[in-house]
Amino acid sequence: REGPPTLWGIELKWISLVTLALQNAFLTIIMHYSRISTSPNKTYSAASAVLLNELLKGSISVVIALKRIDNEMNATSAPPPVYYEKGDSKDHARRSSYKLPSLLHPSRLTALSTALFSPDCYKLSVPAILYVIQNNLQYIAASNLDVATFQVTYQMKILTTAFFSVILLRKRLSRAKWAALVMLAIGVGIVQIQSSSAPASSTQSAPSIKANHGEHQLRSQIPGESIMNSERVMHPLQGFLAVTLACLTSGLAGVYFEFILKSSSGSSPPPDLWIRNTQLSLFSLIPALVPIVVSPSGPAGVGYIGRIMMSFSNFNGWAVGTVLTQTLGGLITALVIRYSDNIMKGFATSLSIIISFLASVALFSYPITLSFVVGASIVLGATYLYNSPSLPQSPPTRTAVAV
Ligand code: C5P
C-alpha cells in the first residue's frame, strides 16, 4: 500500500504546513511594507498585483499538471517520439525524452485540455471569484492596519471556515471546538480594541493617533525615513471592514475548494490537484481583469491592453516580492487543503502570528502592549484548543451539500 506523499523523507503534509506558517508571516510583513513605503499616488495597483499572482500561479500549475500527465502516460504507454539532432546517440535521445518536446507532444496537450475542460470545471468559478475578491481586500487591509493587528484579526478565518463547514459540508463540531471558536472571537476583539483606541504617543517609534474631523486615523511611523513614507495615513476602520470581508470570502472559498477537491463524481477519481489549480486560475483571470479595465481612474484612450500594461507602472521590487510571496502561498495553500484540510491550515497560519509579531517589533518598532499580548495569547490558546488531539473527535460529516 502506498504511504502518504513525502519529500526528502518527510510527509508533504508537514512540509506544506510549516512552509505556509513561514510564508504567511513573511507575506503580511512584505505586503504592509510594500504598500506604505511609497506616497499614496506612487503606490502600485493592488488589482494588477492580484492579476499577476493569478497569471504566475496558473502558469506554474499548468506546467506541473502537464508534467504529471506526461509521467502518467509514459508509465502506461510508450513515450512519444523524441526529436533529436543528427549525430546524437539513441541513449541521449532516450535521456532527453522527458524534456519539453515530450511535454508539448499533441497527445499530452490533448489529455491536458480534456482534463481542464471537464464537464464540472464550471464549479471552480465560485472559489475563483471569491479568492480574487479576498486577495484585493487583503491589500486594503494591509494598507490600513499594522502588521500584527492585521495578522491577528485575520484569524477570524478560523471562525468563518468552521461556519461554512457546518453550513455547506454539514460538519458537526464538538462543544469544546465551539468554545475554542468563541475564545478566538474574544481574543480578536481584545486586539481590535487596543489598536483602535490606543493613546496618542509622542514617541517616534509608536503608532500615533490623529483626530481628523472626528475620525481617528492611525499614522504609521516607521524608522528609516529615507526609504519609508512615514506620514502615510492609515484608516483602521476601513482596514477592519476589509479584513472581516476577507475572512468571510476566505472561509467560503476554502471550504468550497476543499469540497470540489475531495469529492469524486460518480465512479471516476477526482481530478488532479494541479488541474484544479489551473482551472481556478483560469476562472480568476476575468474577475482579476475587471477592476483594471473598468477603473474610472485608469488612463483614457489607450485601449484594454494599454490599460493593463500601464496598471503595472508603479511596480517596484517590493511589489514583485509581494506578488511572488503570494503566488508561493497560493500553491502551498492548495497542497495543505489537499493533504490536510482547512482547519489545519488555520493552525498553521495562527503560528505565523508569533513569527510576524516578533518581526514587526524588530522591523517597525511596533510597541508591545499588554492588551495585544493578552489578545494574541487568547487567539493562540483558542487555536491550540481547536486543534487539540485530546479533544473528542467531531462526529463525521453526514451528508455534503450537492454542488
Ligand atoms: O487567507 P487564506 O488562507 O484563505 O488565503 C488563501 C490564499 O491562497 C488566497 O490568496 C488564494 O488565492 C490562494 N489559493 C490558491 N490556490 C488554491 C487555494 C487558495 O492560490 N487552490
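The values are calculated or read from the model by the stated rules, or taken from the named source; none is laboratory data. Computed from a prediction, not measured in an experiment: that's the story for all the values here. Cβ coordinates were reconstructed from backbone atoms using ideal geometry, including for glycine residues, and neighbour counts include every protein chain displayed. The protein model used for the area step is the full one, side chains on, heavy atoms only, and it has no ligands, DNA or RNA in it. Shrake-Rupley method; radii C 1.70, N 1.55, O 1.52, S 1.80 Å.
Points worth noting:
- Taken one residue at a time, the phi angles of the range 174-184 give Karplus couplings (6.51, -1.76, 1.60, θ = phi - 60°) of 5, 4, 4, 5, 5, 4, 4, 5, 5, 4, 4 Hz. Gly and Pro are set to x.
- Per-residue Karplus couplings for the range 304-321, computed as 6.51 cos²θ - 1.76 cosθ + 1.60 with θ equal to phi - 60°, are listed in order as 5, 5, x, 4, 5, 4, 6, 5, 9, 4, 9, 5, 10, x, 5, 5, 5, x Hz, Gly and Pro entered as x.
- Each of D120 and V320 was given a label point 7 Å from its Cα along the Cα-to-Cβ line. The distance between the two points is 4.0 nm.
- Atom-type composition of the exposed protein surface of the range 239-333 places 73 percent of the accessible area on carbon and sulfur (1.4 angstrom probe).
- Karplus-based coupling profile of the range 59-64, in residue order and whole Hz: 5, 5, 5, 5, 5, 5, with θ = phi - 60° in 6.51 cos²θ - 1.76 cosθ + 1.60 and x standing for Gly or Pro.
- Cα centroid separation - the range 303-339 against the range 26-79, whole Å: 6 Å
- Extension gain, T110-F312: 0.36 nm per intervening residue step, less the Cα-Cα distance, totals 69.3 nm.
- Computed from the C-beta positions of V373 and W8, the FRET efficiency with R₀ = 41 Å rounds to 0.65.
- Anisotropy class of the range 296-379 from Cα gyration tensor, a/c 1.5 cut: oblate
- Whether the range 156-195 is rounded, prolate or oblate, judged on the alpha carbon gyration tensor where a/c under 1.5 counts as rounded: oblate
- Cα gyration tensor shape of the range 315-354, rounded if a/c is under 1.5, else prolate or oblate by comparing a/b with b/c: oblate
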